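The values are calculated or read from the model by the stated rules, or taken from the named source; none is laboratory data. Everything quoted here is computed from the prediction, not taken from an experiment. Cβ placement follows ideal geometry from the backbone for every residue including glycine, while neighbour counts extend to all protein chains displayed. Keep in mind that these areas ignore ligands, DNA and RNA; they rest on the heavy atoms of the full protein, side chains included. Shrake-Rupley method; radii C 1.70, N 1.55, O 1.52, S 1.80 Å.
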Amino acid sequence: TRRYSDLGWIGIGVCLYYRKNYLEALHYIKKAISLEDKNAECWHIFGDIYDKINHNTEAEEAYKKVIKLDKENTDIWLDYSHLLLKQEKTKEAIKLISKGIKLHPQCADLYYRITAYLIKEKRMKKALACLELALKKDYKKNHQLFDYFPLAAKITEVKDLLKPYKKEYKESEYS
């Protein structure tokens with residue numbers, strides 16, 4: 001049976017994380033993991049903390065653990081791939097996010113993210129194909145691409161691809 005004493009430690013750790021007290025947060029999250037090592041959310045915040053303090057190896061290990069425990073968590077695919085991208089491991093980030101897409105083919109967030117990675121790799125044809133899929137899945141989330149990768153807004157092909165969806169969305173919104 002699960003002991004719920006880990007939840008208190010997680011709560012304190014998460015609060016400290018959001019206050020940007022990463023080293024203190026780490027202490028509490030480690031305590032929670034020592035009590036319950038199968039909590040994917042705990043491992044995820046653990047990885048996020050290590051990511052924030054630039055301990056990439058530890059962050060990667062924690063993110064791998066989250067994937068083993070909870071493949072359904074779409075955020076882990078985004079966070080782990082972002083960690084890889086920060087380390088200039090773009091090809092690995094693309095492979096990882098592709099695995100996430102295979103598990104979650106309806107998740108527009110993953111398609112917007114892979115679009116950014118593909119643009120970074122100058123693989124425009126594939127990027128535009130992924131962007132089109134993302135737009136079909138959830139046009140309203142297109143800001144994710146531009147929030148994550150602002151340069152995408154300056155690419156003519158991206159702007160051209162958005163036009164018909166923008167028009168269609170406006171028409172359906174006001175009709």
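Some notes on this structure:
- Between Ile45, Ile10, Ile67, the distinction of being part of a helix (DSSP H, G or I), touching a helix residue (DSSP H, G or I) at 6+ places or on another chain (Cβ under 8 Å), surrounded by fewer than 21 Cβ atoms within 10 Å (Cβ to Cβ) and of a type in the set (Val, Ile, Thr) belongs to Ile67 only.
- Residue list for segment 37-59, filter: of a type in the set (Lys, Arg) and closer than 16 Å to Asp70 by Cα: Lys38
- Against the criterion of being of a type in the set (D, E, K, R) and either more than 26 Å from Tyr22 (Cβ to Cβ) or touching a residue at least 12 places away in the same chain (Cβ under 8 Å) (or both), Lys65 qualifies.
- The single residue among Glu36, Glu61 that is in contact with an Asp or Glu (Cβ under 7 Å, 6 or more places away or on another chain) and open to solvent by 30 Å² or more (accessible area, probe 1.4 Å) turns out to be Glu36.
- Selection of segment 48-64 for residues being assigned to a loop (DSSP other than H, G, I, E, B) and on the phi < 0 side of the Ramachandran plot yields Ile53, His55.
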